[in-house]
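One structure below.
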Amino acid sequence: MQPGQIIILVVLLFSVFLGWVLYRGRTAGVRLYLVAVAVAASLLLGSLAHVLDAQGAAEVLNLTAIALSLAALPSHPGLWEDQIRADLERTRLYQRWRVADALSWRGWLKLVDRVGARAAALVYLAVFAVAILAAVLSTLVEPSI
């Protein structure tokens, strides 16, 4: 097996495990926010890899985005609410935004406090829209060889 195939196998096995655990109403210690960040990041990096003609990396990253997206589907909204509530209890909204806030819901909660829920939701949607648009547009670009 090639390294790319091993990575794909690991990602698929993790996604099956995550989907099963979320379907049962648990998270098994997996932060749902990190799943959402991984989907957006893998879409953006996959489109960049496609443009740079790294087809193996693009395939792995695009499959990661798809597998994690499908794995998160059976999660109940209550799981997301519990994790957001736990981050809200640990967050001091009046503090500045820090890089560590990007690894949890704290950054978005601080943004909601400053600009409002509607504007923060639109920014969150825009991040994913840009990632999806980059992935679609990268398929239209011919890599130069």
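The values are calculated or read from the model by the stated rules, or taken from the named source; none is laboratory data. Computed from a predicted model, the values in this text were never measured in an experiment. Heads up, the Cβs are rebuilt from the backbone with ideal geometry, glycines too, and the neighbour counts pull from every protein chain shown. We work out accessible area using only protein heavy atoms, side chains counted, and drop any ligands, DNA or RNA first. Shrake-Rupley method; radii C 1.70, N 1.55, O 1.52, S 1.80 Å.
Here are the numbers:
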| quantity | calculated |
| --- | --- |
| Wholly within the range 64-142, helices (runs of 4 or more DSSP H) carrying at least 3 residues that are out of contact with any helix residue (DSSP H, G or I) (no Cβ under 8 Å at 6 or more places or on another chain) and within 18 Å of ALA41 (Cα to Cα) | 117-140 |
| VAL60 vs. criteria touching a helix residue (DSSP H, G or I) at 6+ places or on another chain (Cβ under 8 Å), surrounded by fewer than 17 Cβ atoms within 10 Å (Cβ to Cβ) and more than 23 Å from LEU125 (Cβ to Cβ) | no |
| Residue list for the range 99-121, filter: of a type in the set (Phe, Trp, Tyr) and in contact (Cβ under 8 Å) with a residue 60 or more places away in the chain | TRP105 |
| Condition broken by SER47, with the remaining ones in (1) free of Cβ contacts under 8 Å to residues at least 40 places away in the same chain; (2) open to solvent by less than 50 Å² (accessible area, probe 1.4 Å); (3) closer than 24 Å to GLN2 by Cβ; (4) not hydrophobic (A, V, I, L, M, F, W, C) satisfied | (1) |
| Residue under evaluation ASP101, criteria (1) closer than 29 Å to LEU13 by Cβ; (2) surrounded by 15 or more Cβ atoms within 10 Å (Cβ to Cβ); (3) in contact with a Gly (Cβ under 7 Å, 6 or more places away or on another chain), criterion not met | (1) |
| Per-region count, the range 13-35, residues free of Cβ contacts under 8 Å to residues at least 60 places away in the same chain, surrounded by 15 or more Cβ atoms within 10 Å (Cβ to Cβ) and assigned to a helix (DSSP H, G or I) | 8 |
| Identity of the residue in the range 79-98, open to solvent by 50 Å² or more (accessible area, probe 1.4 Å) and within 15 Å of TYR33 (Cα to Cα), that ends up nearest to the chain's Cα centre (by Cα) | TRP80 |
